[in-house]
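Only one structure is covered here, and it is reproduced in the block below.
Every number here is computed from the coordinates shown, using simple stated rules; none is lab data. Given the structure is predicted, the values throughout are model-derived calculations rather than measurements. Methodologically, a virtual Cβ is constructed for each residue, glycine included, from the backbone with ideal geometry; neighbour enumeration extends over all protein chains shown.
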Amino acid sequence: YCFHLEDRPLPASPSHELGKNNITVTSSNELAVKFVRHGFQLFYGFNGEEAVKYFRKALSLEPHLAMAYYGIALTVGANINFAIDPMCENFAMHYIAEASHLANSNSSHEHSGAASGLERALIAALSVRYKNTTVPADSGSHRLRRQLKHNHNSPTSPGVQVNTAVDYANAMKS
């Protein structure tokens with residue numbers, strides 16, 4: 001799955017409509033935001049390989065976009081359909097570390113502002129997950145996701161609901 005992950009061709013544009021996605025993405029680069037949102041729609045539709053291409057395209061447009069790094073880490077990590085392999089685990093840990101660094105950075109970049117509270121919470125929860133690739137029900141990731149759902153749950157944040165469900169499904173699998 002992760003073999004040649006960074007060598008695959010990038011899409012030219014979000015070429016087709018996959019539905020509405022209002023996941024929070026802090027950036028002044030609207031095209032990069034569209035690519036990230038499209039990547040999440042592909043991820044939610046179980047098309048991880050394509051999703052990664054869209055997150056990478058967003059990074060080519062906005063190299064400091066924390067949610068694009070988060071999207072790659074989320075996509076290549078362990079999920080209910082397959083266990084994480086060592087190559088994907090390394091990618092996931094690298095990309096979530098970069099997302100965390102950018103989300104918590106005080107410096108302002110040309111195109112990106114500070115990450116929102118929701119973005120920082122999503123990134124923090126996934127960061128805990130990759131400290132241990134098995135996701136037990138009482139893990140820090142689970143606690144952070146429950147807190148995240150409590151603090152940020154709304155119809156405009158479907159990613160919070162989906163990501164919380166992903167953690168529960170993964171915990172049931174292990």
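At full extension, HIS94 and ASP7 could sit 29.7 nm farther apart than now, given 0.36 nm per residue minus the alpha carbon distance. Spin-label pair LEU31-PHE46: with each label point 7 Å from Cα along the Cα-Cβ axis, the two points sit 3.3 nm from one another.
Report, as a whole number in µm² per second, the diffusion coefficient that Stokes-Einstein gives for segment 41-97 at 37 °C and 0.692 mPa s using the Kirkwood radius over alpha carbon pairs.
Approximately 290 µm²/s, per Stokes-Einstein.
Three principal axis extents describe the C-alpha atoms of segment 1-103; from largest down they are 34, 29, 24 Å.
P(r) tail for segment 23-71, what percent of Cα pairs lie past 17 Å?
19 percent
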